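All remarks here apply to the structure that follows.
Bear in mind that the values in this text are calculations on the coordinates, not laboratory data. No experiment lies behind these values; they were computed from the predicted model shown. Cβ coordinates were reconstructed from backbone atoms using ideal geometry, including for glycine residues, and neighbour counts include every protein chain displayed.
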Amino acid sequence: MSGEPAALGAADGVRDMDRIDIKSLTLEELTGQVKAMGLPAYRAGQIYQWLHEKQAASFGEMSNLPLPLRTQLGGQYELAALKQADVRISAIDGTRKYLFALSDGNVIESVLMRYHYGNSVCISSQVGCRMGCRFCASTLDGLERNLRPSEMLDQIYRIGQDTGERVSHVVVMGSGEPLDNYDNLLRFIRILSGEKGLCVGQRNITVSTCGLVPQMLRLAEERLQITLALSLHAASDETRRRLMPVANRYPLREVLDACKVYFEKTGRRMTFEYSLVRGVNDSPDEAQALARLLKDQHGHVNLIPVNPIQERDYVQSGREAVEAFKNHLEKNGINVTIRREMGRDIQGACGQLRRSYIREKEDKDD
């Protein structure tokens with residue numbers, strides 16, 4: 001594949017009925033737009049800097065542009081700027097959970113996590129999700145719509161401005177299935193990692209998927225240097241189907257073959273996410289089966305004690321069971337870590353804060 005962003009148009013969420021979403025344009029596309037307006041090309045660089053480096057929330061902030069041009073831009077282009085609807089700060093670890101309001105009234109979640117290597121932001125890629133994973137709150141109300149590149153970028157920009165701290169790592173692992181929003185995701189990655197933007201290196205970007213095989217194979221051909229994380233959660237098709245409806249369409253054999261292709265095409269090791277649910281997928285037999293399943297894969301396992309949600313009866317595995325599972329994998333030569341739990345006291349799991357907000361709003365309306 002060419003590796004270029006999808007063509008400008010309605011399909012990629014860049015153009016609506018009236019105005020073009022300017023923050024979703026690449027610098028090359030913006031330069032073309034500026035030239036079509038009869039302006040010198042350097043204006044595109046100025047505008048792009050305001051959008052992605054200075055992270056302006058309005059055209060009025062672009063003080064080195066003539067006022068008539070700012071007015072013209074406001075009439076011709078939409079400038080996405082998320083509004084902070086809520087933020088909750090963990091008293092345990094300082095994790096910050098944001099709820100952002102979109103221009104159409106929808107709300108999405110983002111999370112800031114501070115690590116020794118820098119600040120990591122976990123962003124949403126869709127409003128809701130249609131994948132139906134049984135342990136995830138994001139999918140309970142289904143999919144509302146895809147997020148545009150600008151709306152994905154602005155989650156990072158608003159968090160950076162709110163904290164005054166640089167974001168060095170980005171995880172597309174919040175609400176939504178990123179590969180179900182493929183073209184917008186690719187455009188987002190290229191703008192985020194580009195030299196004239198926030199310049200987050202592709203090796204510091206992780207994209208999670210529940211295992212959409214055609215999109216995984218397509219992503220491999222892009223030859224990006226991002227990390228691809230597979231939500232695995234089971235070592236057999238039977239158990240995986242119990243947890244993840246997508247497994248009814250793409251069996252483990254096909255998904256893991258796609259993982260091998262991704263490694264072969266990109267040289268990037270996979271991450272296998274495995275949420276441990278007591279009595280479902282945390283037994284020694286499951287650990288043994290997982291070790292056999294992944295013995296020829298290039299990657300590591302990230303064990304995640306499942307974060308319970310009130311709408312499901314799944315229970316988190318006990319600490320002893322988690323450690324035993326980890327030790328079993330290590331004895332079988334599998335590289336494994338236990339994800340550090342963050343934000344438990346602020347509804348840190350995907351979709352929890354958004355769903356709580358929606359319920360409270362519905363109760364008020366009633």
Footprinting exposure proxy for M37, M113 (fewest neighbouring C-beta atoms within 10 Å first) = M37, M113
Taking amide H positions as placed 1.01 Å from N in the peptide plane, with prolines and chain starts having none, which residues 5 or more places from N119, or on another chain, fall under 5 Å of its amide H?
-> S168, H169
Pairs of alpha carbons in the chain whose separation is greater than 28 Å (percent) | 45
Among 47-53, 161-167, what's the highest-first ranking by average C-beta atoms within 10 angstrom per residue?
-> 47-53, 161-167
Counting pairs of alpha carbon atoms under 8 Å apart in space and at least six apart in sequence, what relative contact order in percent does the chain give?
-> 15
Sorting I22, I92 on the 10 Å Cβ count, fewest up front, what's the list?
-> I92, I22
Among trypsin sites (Lys or Arg not before Pro) in the stretch 235-293, those in a DSSP loop whose Cβ has at most 13 other Cβ atoms within 10 Å are R249
Hey, what do the phi angles of the stretch 226-231 turn into as Karplus ³J(HN,Hα) couplings, whole Hz, using 6.51/-1.76/1.60 and θ = phi - 60°, x for Gly and Pro?
-> 6, 8, 9, 10, 9, 6
